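Student: Attaching a single structure in structure tokens format; questions to follow.
The values are calculated or read from the model by the stated rules, or taken from the named source; none is laboratory data. A quick note: this is a predicted structure, and the numbers were derived from the prediction, not measured. Note: ideal-geometry Cβ built from the backbone for every residue, glycine included; neighbour counts use all protein chains shown.
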């Protein structure tokens, strides 16, 4: 499905729609559904922020693996605004968690709050490819050269990944089965290596 949203071409892939339908049918706990909703709202906040700054992306593709935002070649924001765009996603998740806690008191409330808080906190980690890392990079670039900012953030990223590995193995040792954090940390490490941030 394709449509235009404030000058941005949005494409929703068939696999994304299929995943939504499967989750609605088989996910009785609704955990995956809440996680998907939190992720969609997170990415929508980035998109809305770009539109607010009058720099709408050229294309947005939503598929089973997430959302890809392609910005035009002439898109140019100040470093401060770039940091705001990066932080928009986590701020959306914090807002959803806050208003969910404030306005509702149902069986699914705690789960929705936990998922949104977890997504926001994880994305705020000072690691390349995460929103927190991007925001720190742009803010550092205000005070120093890009290469220096990149080196500083690389140090932050390596230290944070080290502690994530420690925490991941601790969780695995305690639960005997939960390796989610380790897999996420490996994924972030591979991203840093493939994109020459290491």
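Student: Tell me yes or no: at least one residue of the range 163-173 is part of a helix (DSSP H, G or I), without any contact (Cβ under 8 Å) to a residue 40 or more places away in the chain and within 16 Å of the chain's Cα centre (by Cα).
Tutor: Let us first name the residues in the range 163-173 that are part of a helix (DSSP H, G or I), namely 163-173.
Adding the requirement that they be without any contact (Cβ under 8 Å) to a residue 40 or more places away in the chain leaves 163-173.
Keeping just the survivors that are within 16 Å of the chain's Cα centre (by Cα) gives none.
Scanning the range 163-173 turns up no residue that is part of a helix (DSSP H, G or I), without any contact (Cβ under 8 Å) to a residue 40 or more places away in the chain and within 16 Å of the chain's Cα centre (by Cα).
Student: Now for a separate question. Does residue 62 satisfy the criteria of being modelled with pLDDT under 90, surrounded by 14 or more Cβ atoms within 10 Å (Cβ to Cβ) and touching a strand residue (DSSP E or B) at 6+ places or on another chain (Cβ under 7 Å)? Spell out how you get there, then give the answer.
Tutor: Values: modelled with pLDDT under 90: yes; surrounded by 14 or more Cβ atoms within 10 Å (Cβ to Cβ): yes; touching a strand residue (DSSP E or B) at 6+ places or on another chain (Cβ under 7 Å): yes.
Yes, satisfied.
Student: Any residue at all in the range 132-143 that is under 19 Å from the mean Cα position of the chain (by Cα) and more than 16 Å from residue 83 (Cα to Cα)?
Tutor: Looking only at the range 132-143, we keep the residues that are under 19 Å from the mean Cα position of the chain (by Cα), and these are 132-139.
Still in the list and also more than 16 Å from residue 83 (Cα to Cα): none.
Taking every residue of the range 132-143 in turn, none turns out to be under 19 Å from the mean Cα position of the chain (by Cα) and more than 16 Å from residue 83 (Cα to Cα).
Student: Quick check on this structure: which one of 97, 114, 135 is surrounded by 13 or more Cβ atoms within 10 Å (Cβ to Cβ), in contact (Cβ under 8 Å) with a residue 40 or more places away in the chain and in a helix (DSSP H, G or I)?
Tutor: From the options 97, 114, 135, the qualifying one is 135.
Student: Within the set of pairs 6+ apart or on separate chains, which have a first residue in the range 1-27 that is exposed (fewer than 12 other Cβ atoms within 10 Å of the Cβ), a second that is part of a strand (DSSP E or B) and at pLDDT 70 or above, and C-beta atoms under 7 Å apart?
Tutor: Every condition considered, the pairs that remain are 1/12; 2/9; 2/10; 2/11; 3/10.
Student: Anything in the range 81-107 that is in contact with a helix residue (DSSP H, G or I) (Cβ under 7 Å, 6 or more places away or on another chain) and within 17 Å of residue 34 (Cβ to Cβ)? List them, or say none.
Tutor: Answer for the range 81-107, where residues must be in contact with a helix residue (DSSP H, G or I) (Cβ under 7 Å, 6 or more places away or on another chain) and within 17 Å of residue 34 (Cβ to Cβ): 89, 90, 92, 93, 94, 96, 97, 100, 101.
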